[in-house]
Amino acid sequence: DKNNQVIEIRGYIFNQNHIKDIEFQIEKERKRLENIIDSNSIGTWEWNVQTGETIFNERWAEIVGYTLDELKPISIDTWIKLVHPDDVEKSTSALNAHFRGESNQYECEVRMKHKNGHWVWVLDKGKALNFTPEGKAHIMFGAHTDITERKAFEKKIIEVSIRDPLTSIYNRGHIFSRLNEIKAKYERDKVDFSIAILDIDYFKRVNDNFGHLAGDFVLQEFTKVLSKNIRPFDLLGRFGGEEFIIIMLNCKKDTASLRIEDILKIIRNTNFIYKNQRINFTFSAGISDSSDREFENLSLDSLIDNADKKLYLAKKLGRNRIITELEE
């Protein structure tokens, strides 16, 4: 009224059910996604490709042993500083392929430095969902999943597949695979290598006199001696039965012969004790190298056959010796 007193109130009531239903659905979906992320221990990230601004969730930081506060200020550089240098190029290549439309999403397995100093394997996946008017990726969303345990399991599976179960050294298949790589390096860079095939002398007598478990013991002990007396970058493998093969890189057969001779001296002078029984043995060896065949005709089969023939000659001449040259 004229005295500014309220004398009447008029109001309106609207049905908001449809709006509230949408809000409830959004909240339900948000909770569902949060539960999925939490239950799968997923670290999430949002990246402004153009500015470098980046948003991580707490789990993203936890995977590498940090809190978000410890990582501040956060940007794309935070990720770059933590990722293994050898994996940056791989990740960049996968990102660029996605930006060019060559892949539906970005996906890359990378190692990231944990706060405690070790490396954590992470599956990094994402997708650009927003683009600039010029067609450049603008906003990208993604997730990190810790796959360290999976990678460790994969490594074990690979190790089992390439190693001899009794001696734990490389098996024949892996040695041949590596030999192909070494041959390719020789053809490209002419890096010499030697192949030595060793065979335990009179091994059947060990099995007959002491039993097959004693034979296994001898093979394992022989492997230990070989492993201790070759260079870290040489390759040692079980060629079959009581035969072993050693690939010596950057080494011609004359030098290889001296190294194998040193090992033979150790074996000759060692008493191997199995269940209070002394077992002595020796071995014979044949050695070939990349100079045993003309460069153009270099064949792994021929080199191995050449070393094998020299081994056979060593046995023919009385065993307990090393042969590097075949008789004319």
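Go over the candidates Leu129, Leu123 one by one and state the one that is assigned to a strand (DSSP E or B) and modelled with pLDDT under 90.
Values: Leu123 fails: modelled with pLDDT under 90.
It is Leu129.
Can you pull out every residue in segment 237-254 that is at pLDDT 95 or above and open to solvent by 10 Å² or more (accessible area, probe 1.4 Å)?
Correct list: Arg238, Glu242, Glu243.
Give the number of residues within segment 1-45 that are exposed (fewer than 10 other Cβ atoms within 10 Å of the Cβ) and modelled with pLDDT under 70.
1
Tell me the residue from Leu236, Leu313, Leu326 that is touching a residue at least 12 places away in the same chain (Cβ under 8 Å), assigned to a helix (DSSP H, G or I) and aliphatic (A, V, I, L, M), please. Can you show your working first?
On the way: Leu236 fails: assigned to a helix (DSSP H, G or I); Leu326 fails: assigned to a helix (DSSP H, G or I).
Being touching a residue at least 12 places away in the same chain (Cβ under 8 Å), assigned to a helix (DSSP H, G or I) and aliphatic (A, V, I, L, M) holds for just one of Leu236, Leu313, Leu326, which is Leu313.
Quick check on Ser168: is it open to solvent by less than 30 Å² (accessible area, probe 1.4 Å), over 30 Å from Asn48 (Cα atoms) and not in a helix (DSSP H, G or I)?
So Ser168 does not fit the description; no.
Does segment 255-270 contain any residue that is open to solvent by 30 Å² or more (accessible area, probe 1.4 Å) and in contact with a Gly (Cβ under 9 Å, 6 or more places away or on another chain)? Explain how you work it out, then say what you get.
To start, the set of residues in segment 255-270 that are open to solvent by 30 Å² or more (accessible area, probe 1.4 Å) comprises 255, 258-259, 261-262, 265-266, 268-270.
Subset that is in contact with a Gly (Cβ under 9 Å, 6 or more places away or on another chain): none.
Looking through segment 255-270, none of the residues is open to solvent by 30 Å² or more (accessible area, probe 1.4 Å) and in contact with a Gly (Cβ under 9 Å, 6 or more places away or on another chain).
The values are calculated or read from the model by the stated rules, or taken from the named source; none is laboratory data. Small disclaimer: the values here were computed from a predicted structure and weren't measured. Note that we place each Cβ from the backbone using ideal geometry, even for glycine, and neighbour counts take in every protein chain shown. Heavy atoms of the whole protein, side chains included, go into the accessibility calculation; ligands, DNA and RNA do not. Shrake-Rupley method; radii C 1.70, N 1.55, O 1.52, S 1.80 Å.
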